[in-house]
């Protein structure tokens with residue numbers, strides 16, 4: 001399996017981990033009964049860490065379809081190269097580092113790491129349009 005496809009698999013694992021982290025944090029605040037119920041009752045705002053974990057998950061989901069498409073198109077088109085491999089790695093590791101930075105409210109560095117991950121996505125995409 002290519003580096004790009006490997007990073008795609010691990011990014012999907014990361015997405016599943018983020019679902020779990022947010023779910024655990026939210027359930028810790030609202031309780032298991034709420035989590036297993038219909039969730040119709042209005043709840044107080046989430047605590048800051050749980051809320052940030054939810055936003056970090058949503059942020060991943062904004063770019064994940066683009067990353068999936070870019071990796072798969074590069075693979076099918078035979079356009080994978082050292083740039084796309086590095087880009088996929090930057091995207092994945094940037095997204096990994098982004099989660100705790102966002103969860104703990106680290107400013108500036110979080111945005112820088114997001115930029116690295118986004119640059120990685122663009123590196124995967126670039127050979128497809130260039």
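Considering only 30, 102, 91, the Gaussian network model of the chain with Cα springs below 10 Å gives its largest mean-square fluctuation to 30. Compared with the alpha-carbon gap, the fully stretched path from residue 38 to residue 104 is longer by 20.8 nm at 0.36 nm per residue. Neighbour counts of C-beta atoms inside 10 Å place 22, 104 in the sequence 104, 22, starting with the fewest. For the listed peptides 92-100, 72-80, 53-61, a ranking on the average number of other beta carbons within 10 Å per residue, highest first, reads 92-100, 53-61, 72-80.
Using the Cβ-Cβ distance between residue 126 and residue 51 with R0 set to 30 Å, the FRET efficiency from 1/(1 + (r/R0)^6) comes to roughly 0.30.
Taking the fewest neighbouring Cβ atoms within 10 Å as the starting point, the ordered list for 36, 7, 123 is 36, 123, 7.
The per residue volume of the convex hull around the alpha-carbon atoms of the chain is 112 Å³.
Relative contact order for the chain: 32 percent, from Cα pairs under 8 Å spaced at least 6 residues apart, divided by residue count. Each stretch of four or more DSSP H residues adds -39500 (n - 2.57); spread over every residue of the chain, this sum gives -28000 deg cm²/dmol at 222 nm. Annotation: extensible slack from residue 116 through residue 6 equals 37.7 nm (criterion: 0.36 nm per residue apart, minus Cα-Cα distance).
Each reported figure results from applying straightforward, stated rules to the coordinates on display, with no laboratory input. Because the structure is predicted, anything quoted here is derived from the model rather than measured. Positions of Cβ are generated from backbone atoms using ideal geometry, with glycine treated the same way; all protein chains shown enter the neighbour counts.
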